[in-house]
């Protein structure tokens, strides 16, 4: 079982995700998920959010962040991080929100 204190560190969570195969670093550019260091990009229908981890700065509220574990339709696994609150990257937020909305719509069509 993972120590609770360990789970509070973004570095420790990233290391654990790397061991689980989430080794690709993503960013959002021009409304698409991009593989850092590559020309490969994905639209919101080509990816899913597997999990996310929220981190709050204990001494500084500016340190709040969310780390997302993402899988693509062609099997690539990686992560993307974003601040939350006033320092959030709105492009990342919007892209991830579109992915979440797709998941919600798929859930409704299953019923």
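The values are calculated or read from the model by the stated rules, or taken from the named source; none is laboratory data. Because the structure is a prediction, the values reported are computed rather than measured. As a convention, Cβ positions derive from the backbone with ideal geometry for all residues, glycine included, and neighbour counts pool all protein chains shown.
Figures for the structure shown
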| read-out | value |
| --- | --- |
| Selection count, region 22-35, where residues are within 14 Å of the chain's Cα centre (by Cα) and not in a strand (DSSP E or B) | 2 |
| Close pairs (6 angstrom Cβ cut-off, 6 or more residues apart or separate chains): surrounded by fewer than 14 Cβ atoms within 10 Å (Cβ to Cβ) in region 9-27, outside any helix (DSSP H, G or I) anywhere | 21/77 |
| Checking residue 80 against (1) buried (at least 16 other Cβ atoms within 10 Å of the Cβ); (2) over 15 Å from residue 11 (Cα atoms), the condition it does not meet | (2) |
| Residue tally, condition outside any helix (DSSP H, G or I) and either at pLDDT 70 or above or in contact with a strand residue (DSSP E or B) (Cβ under 8 Å, 6 or more places away or on another chain) (or both), over region 88-111 | 2 |
